[in-house]
Amino acid sequence: MTELPKAYEPNFVEEKWQTRWMSEGCFHADPQSAKPAYSIVIPPPNVTGVLHMGHVLNNTIQDILARRARQEGKEVLWLPGTDHAGIATQARVEKELAKETPPRTRYDVGREDFVNMVWEWKEKHGGIIIKQLKKLGCSCDWERERFTMDSVFAPEVARAFTELFKEGLIYRGRRMVNWDPVLRTALSDEEVIMTPSKSKLYTIRYKLADGSGQLLVSTTRPETIMADVAVAVNPKDPRFGHLIGKTVIRPLVETEIPIIADDHVEIDFGTGALKITPAHDRTDFEVGMKNNLEIIDVLTADGHINCPACPELHGMDRFAARDKSIELIEAKGLLEKVEDYENNVGISQRSDVPIEPRLSMQWFLKYPCVEEAAAAVANGDIVFRPAHWAKTYAHWLEGIQDWCISRQLWWGHRIPVWYRKDKATELQEATKLDAEDAAAGDIYVGVEPPADPENWVQDEDALDTWFSSWLWPFATMDAECRAKFYPTSDLVTGPDIIFFWVARMIMAGYRFADGKKPFSNVFFTSIVRDLLGRKMSKSLGNSPDPLDLIAKYGADGLRFGLMRIAPTGTDVKFDEKQIEEGKNFANKLYNAARFRMMQGEASTDPAPKFTPVHIDILSKLKELHATVAEGLAKYEFNTYTQALYSFFWNEYCSLFLEAVKNDLRDGDPAVKNATLYTIDTVLRHYLALLSPIMPHIAEELWQSLGFAARYEGKPLMSTPLPQAEALLAGLDETEISKARALSTALYETANRARNLKAEYNLATNKKVRFILKPGALPLTDDLLARLALLAGSQSATADAAYEAPKGTPTALTPFGELFLPLDGLVDVEAERSRISKELEKMTKEIAKSQAKLGNATFVDRAPAAVVEQERARLAEWESKKAQLEAMLTALS
RNA sequence: GCACGAGUAGCUCAGUGGUAGAGCGGCUGUCUUACACACAGUUGGUCAGGAGUUCGAAUCUCUUCUCGUGUACCA
C-alpha cells in the first residue's frame, strides 16, 4: 500500500476533478434525453462582479440541488451567465477614463466609441466571477453560458419592448422621477433607499404682500425657495382661513406668490403652512398640477443651482447652496428658527447620494400579468421558501406603480424606438407618446432598425438592466432547450431582489413564455452578515474573499462549513471558525478512507459474520439515507449537512470504527470479512450522499477506494445513488432492533468505563482491567472484547461471582455492575460519596416522576404512550436506585 | 407608522406540546499504530421579561423590551 500523507490537501484534488468533470462533459445537459428534466437558471452575477460570500451560499445551494438531481436520474440543466449591469459596468469604464491624463469623460469619447470601450473591457476583465464559480465546483453547463447583451439575448429584449409597446403598456411621458445627480440618470423606485437622516428644519417668515403680517413656513430645503410658487394651508384650519387668496412675498427672488388651500397640508404639523415647490417635490408637484401652478426648476441635472435671478446661489452645489440660502434669509431678518430634525431621505442605491425628485421625460411600463403573478404565489403554483416572503411579494404587487424603464446611460440595451427625422425634436418634447403615435407613422418601434435609417433618429436612452434580467429564465434558452427545460424547477436567490427580479420574472414568464410560470420553487437564501450582524460590504472591509477561504480550507470545506451554519429563513452570521470546521471534516473523511486503504482487499465472503455493531451502523446508514432525502426535499440544507456530519464523525468514526478495529488485526476471518464489507458499504453509500455538498473529496475518495470500478468506471457525480433498500435486506426488524439495542448498551457501557478511568485520573491510554457482574442483557464474548477495546483496557471480563474489595470504583451499566479494580488503591470514602451523589440524583428524579404519575389529570389526559414512557422511566430509576443502595450497603 | 423575521450555553446555531441539544471555545488528561485538522473526560442555560391556555410550554396565545429586514410617509 502506498504511503499517503496524513493530512488532506484539497487544492490539487479539487482542481483535478473540476478539469476532469468538464472534459468528460459531466455538467452538460442534453435536451434530447429521455430522463425527466431538472433545471435551474443561475441568478446572473454582474459581469463586473467578484465572488462574495452571498454568491458562495447561493451557488452552493444550487449545486447541491443540481448534483443531487443528477444522482436521482434526472437530466439536469444548470444554466450560467452574467448580467451586463448597466450602471455598474459603465461606471467602471468611466473610472478608467477619469484616471487618464488628462482625465476624460464618456462625453469626450462619444457614444459609439465609449460603448466599444465597454465591450473591450468586458471581453478583457469581465466574467472573473465565472472562473471563481468554477473554483467553487459549480456544476453549471458552461457550454451554455449566456450574457444579457449577447446576440441571442438582445433581440429578445427588443422584442419584449416592442410587444409591450404595441399593447399599450409602454409609454413615454413627462413625469416626476427619482433623479440621480451624480450618474445623471433616472432610477426606478426600487433603486432608491429611504434612509433616516439627521437634518435641520428651518422656519422662515413669509411676509404678507399687503403688509398686514407674516406666515411662518417650515422647510428642510431652503435652497429651493426660489422655486416656490405658492404657500398652502389646510382649508379647515381656522387660523388661516382669512388668508386664503392673499399673497406673500417669496423670501428669495422676491415675488408675490398666492396663499392657496389644499387638503394635503396637515394642520398639526409644523406651522400648518407649507411652501409649494412643484419642480422639486413629488407631492408639491401634484398640488401644483391640481391648482394649475407654474413649475420653476432651479436645479441642473448634476445637482447645481440654476437661478440667474439669484446670483449669490447660481451655480452652487445643492448642499452648499442650502447653507448659503439660509445666510441670505437670515440677513434679511426672515429666519424664525432652526431645529434639529430627523427625516427620511431617498438615497441612490448606485451612487449613494440623495436623489432629486425631478420632472423629466422617461419611458414607463404598466406591468403585464400582475394578477396572474399574484395568484400564482397565493395559490401555491409557485412556492416560496421560506413561505413568509409570499406576503412581502403580495404587498408589493398590491401597491405596484408603473416602472420607469429608461436610463440616461450608454451601456445597455438602447431603447428600440426611432423618431421621424423631420419631426424628431417635436416628438421628443411631446408630453406623451404611445402606441397611437406609432400607428400614425411618426415613430417606429421594432427589433430591427427601420429599413431607411437615414430618415430616423433613435431614442438616446438605454433600458434599465432589470428590463433584460426579467427575461432570463426563457430568453437564455433556444427552442429545443426550452421544450425540455422550461419552466425551470428551482430558483435560488436572495430576498433583497424579490421585487427587482423575482416578481418581474414571474410576470414576464406569464406574458412572454406561453403563459407559463418561469419556475416552480423559489428558495430565498439568508443574507450573510459579519459577527456583529452587519451586512458584508467592501467599505466596511468585513467581507472575506471566498478565494482566500478556498485556498485556506478548500472549496469543499468552505461549502460544507457555510451550509452547516446557514439557517433557513434568517440571516447567517459568518464566522471563519465554521469554515475551518469544514476543512477539519474533510480531513476526517480523508483519514477514515486512508484507514480503510491500509486494510487490504475487500471481502468476497458470501456470508460475512455480522455482529451487533455491524448491523447497528448499517441500520443507521439506512436512516441517514432517509434523513438526507427528507432534508433535501424540504430544502432544509442545515438538516442535511448536520445529519451527514454527525453520522460520519460520531456514529461511524467514534463508535463503529473504534469498536471494530481489532477485527482487522486478528481473530475470526469471517468477522473480519463482515467488518471490511460493512466499512466498504458505509463508505460507498456515504460518499454518494455527501457528493452534492463536498463533491471533490467525495469523488477523490470514491476513486481511491476503488468504488468506481463497480459502476463502469464512471465518476461518482455521474453515478446513480446507491439504493438504501439493499441495506440489511436479509434481516428482519426484530433482529435489527435487537442488534441496535445491544450496540447502544455497549457504547453506553464503554462510556461508563471511560468515566471511571477519568474520575480516578487514569490516562486514556493506561491499560486497566474491567469486571462486569452481568445483569439483564446477555453478554457475549464479542461484546466483551469490543468493550475492552472501546474503554482502552487490557481486558473486560464477566464474572457473576465477583466479590469486589471494599471501595472498588463501580458504575451501573445496561449490562450490570461494572468494576474497575484498583489493586491497592481502594478508597472506601471516595466511593461512598460518589455513589451517594448518584443516589441523590436518582431519588430526585424518582420523586419528580412519581409526582407526575400521581397527578390524576396527567394520567387521564396525556396520551397513553407518554404515560407508559413515564412509567418505564420510573421503573428503571427505581431499579437503579435499589442497586445503588445495595452497593452502598456493601461498602459499609 | 405598518408588515415580516429574530432573541436558547462565552460564540455560531439545532430543537414547534412530553426529562433543554450539537459544534466550537474554556478546563483536565492523552502524540493509544486513520486523523493533535485528532482522541477521552469535563465545565457551562430562569430558553429576552411578564401574563395566560394546558395535566404539562423553549414550543401555542396576549403583552413589553431589544435587534434586523421590508414598506409608507408631514414640509
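The values are calculated or read from the model by the stated rules, or taken from the named source; none is laboratory data. Fair warning: this is a prediction, and the values are worked out from it, not measured in the lab. All Cβ positions, even for glycine, are placed from backbone atoms using ideal geometry, and neighbour counts span all protein chains on display. In case anyone asks, the SASA skips ligands and DNA or RNA and just uses the protein heavy atoms, side chains included. Shrake-Rupley method; radii C 1.70, N 1.55, O 1.52, S 1.80 Å.
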Q: Determine which single condition A:Leu532 fails, assuming it passes every other condition in (1) surrounded by fewer than 22 Cβ atoms within 10 Å (Cβ to Cβ); (2) more than 21 Å from the chain's Cα centre (by Cα).
A: (2)
Q: Working only within the range A:213-228, note down all residues that are in contact with a Ser or Thr (Cβ under 7 Å, 6 or more places away or on another chain) and either among the charged types (D, E, K, R) or more than 10 Å from RNA strand B (Cβ to nearest atom) (or both).
A: A:Leu216, A:Glu223, A:Ile225, A:Ala227, A:Asp228
Q: Kindly establish whether A:Thr627 is open to solvent by 50 Å² or more (accessible area, probe 1.4 Å), within 12 Å of RNA strand B (Cβ to nearest atom), hydroxyl-bearing (Ser, Thr, Tyr) and on the phi < 0 side of the Ramachandran plot.
A: yes
**Q.** Qualifying positions in the range A:40-58 - open to solvent by 10 Å² or more (accessible area, probe 1.4 Å) and part of a helix (DSSP H, G or I)
**A.** A:Gly54, A:His55, A:Asn58
Q: Being within 13 Å of RNA strand B (Cβ to nearest atom), closer than 18 Å to A:Glu601 by Cβ and open to solvent by 30 Å² or more (accessible area, probe 1.4 Å) is the filter here, so list the residues in the range A:662-674 that pass it.
A: A:Arg665, A:Asp666
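Residue-by-condition table, conditions (1) in contact with a strand residue (DSSP E or B) (Cβ under 6 Å, 6 or more places away or on another chain); (2) small (Gly, Ala, Ser); (3) under 24 Å from A:Ala186 (Cβ atoms); (4) buried (at least 19 other Cβ atoms within 10 Å of the Cβ):
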{"site": "A:Leu313", "(1), (2), (3), (4)": "yes, no, no, yes"}
{"site": "A:Ala320", "(1), (2), (3), (4)": "no, yes, no, no"}
{"site": "A:Lys324", "(1), (2), (3), (4)": "no, no, no, no"}
{"site": "A:Gly333", "(1), (2), (3), (4)": "no, yes, no, no"}
{"site": "A:Ser348", "(1), (2), (3), (4)": "yes, yes, yes, yes"}
{"site": "A:Arg358", "(1), (2), (3), (4)": "yes, no, yes, yes"}
{"site": "A:Gln362", "(1), (2), (3), (4)": "yes, no, yes, yes"}
Q. Tally time: how many residues in the range A:675-688 are surrounded by 24 or more Cβ atoms within 10 Å (Cβ to Cβ), in contact with a Pro (Cβ under 9 Å, 6 or more places away or on another chain) and under 16 Å from A:His625 (Cβ atoms)?
A. 1
(Q) Can you find a residue that is of a type in the set (Gly, Ala, Ser), more than 16 Å from RNA strand B (Cβ to nearest atom), open to solvent by 80 Å² or more (accessible area, probe 1.4 Å) and outside any helix (DSSP H, G or I) anywhere in the range A:759-780? (A) yes
Q: Give the residues of the range A:727-743 that are in contact (Cβ under 8 Å) with a residue 40 or more places away in the chain and in a helix (DSSP H, G or I), sorted by residue number.
A: A:Glu735, A:Ile736, A:Lys738, A:Ala739, A:Arg740, A:Leu742, A:Ser743
Q | Which numbered condition A:Ala29 misses (of (1) assigned to a loop (DSSP other than H, G, I, E, B); (2) within 16 Å of RNA strand B (Cβ to nearest atom); (3) of a type outside the set (Phe, Trp, Tyr); (4) in contact with a helix residue (DSSP H, G or I) (Cβ under 8 Å, 6 or more places away or on another chain)) | A | (2)
Q) Is it the case that A:Val50 is over 30 Å from A:Glu580 (Cα atoms) and under 22 Å from the mean Cα position of the chain (by Cα)? A) no
Q. Which of (1) of a type outside the set (Val, Ile, Thr); (2) open to solvent by 50 Å² or more (accessible area, probe 1.4 Å); (3) within 12 Å of RNA strand B (Cβ to nearest atom) does A:Gly272 not meet, given it meets every other one?
A. (2)
Q: Considering only residues that are touching a residue at least 40 places away in the same chain (Cβ under 8 Å) and open to solvent by 30 Å² or more (accessible area, probe 1.4 Å), look in the range A:689-704 and name the one that is farthest from the chain's Cα centre (by Cα).
A: A:Ser704
Q. Which of the residues spanning the range A:488-514 are without any contact (Cβ under 8 Å) to a residue 60 or more places away in the chain and open to solvent by 40 Å² or more (accessible area, probe 1.4 Å)?
A. A:Asp496, A:Asp514
Q. Can you list the helices (runs of 4 or more DSSP H) found entirely within the range A:469-533 that contain at least 1 residues being among the β-branched types (Val, Ile, Thr) and over 20 Å from A:Ala85 (Cβ atoms)?
A. A:504-512
Q.
When the residues of the range A:398-442 are narrowed to those that are open to solvent by less than 40 Å² (accessible area, probe 1.4 Å) and hydroxyl-bearing (Ser, Thr, Tyr), which ends up farthest from RNA strand B (Cβ to nearest atom)?
A. A:Tyr419
